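The values are calculated or read from the model by the stated rules, or taken from the named source; none is laboratory data. Keep in mind it's a predicted model, so treat the numbers as computed, not measured. Note: ideal-geometry Cβ built from the backbone for every residue, glycine included; neighbour counts use all protein chains shown. Quick note on the areas: whole protein, heavy atoms, side chains included, nothing else; ligands and nucleic acids left out. Shrake-Rupley method; radii C 1.70, N 1.55, O 1.52, S 1.80 Å.
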Amino acid sequence: MQKNAVMTIDQIEAELMKLDSKSRAILAERLLQSIEELSDDEHERLWALEALKRHDELVEGREHGHPAGDVLRNVRNSLK
């Protein structure tokens with residue numbers, strides 16, 4: 001990779017998937033810890049970005065929603 005080149009999230013993920021499962025688990029733990037250290041404002045900002053991303057995916061047809069009743073029924077059934 002070139003110096004100062006910026007990798008996309010997909011490129012980073014592809015590289016990380018080359019790691020063995022133990023290394024990925026360690027990295028996942030570290031990433032989760034870094035999220036826990038965020039301020040309330042940063043959490044709010046990140047959730048807002050995630051909501052916008054999910055909205056765009058639905059609008060563009062890359063993802064499909066599920067009726068709330070179906071989702072709740074599936075959750076209830078899985079808890080029985």
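Taking Cα atoms, how many degrees apart are the long axis of helix 68-78 and the longest axis of the chain, rounded to 10 and kept between 0 and 90? Result, in degrees: 80. Angle of helix 40-59 to the longest C-alpha principal axis of the chain, folded into 0 to 90 degrees and rounded to 10: 70°. For the chain, the per residue solvent-accessible surface stands at 95 Å², with DNA, RNA and ligands left out and a 1.4 Å probe. Rolling a 1.4 Å probe across all protein chains gives HIS64 an accessible area of roughly 140 Å². Measuring gaps between exposed loop sites in the chain (GluC sites (Glu not before Pro); DSSP loop; at most 16 other Cβ atoms within 10 Å), the longest gap, sites not included, is 1-36.
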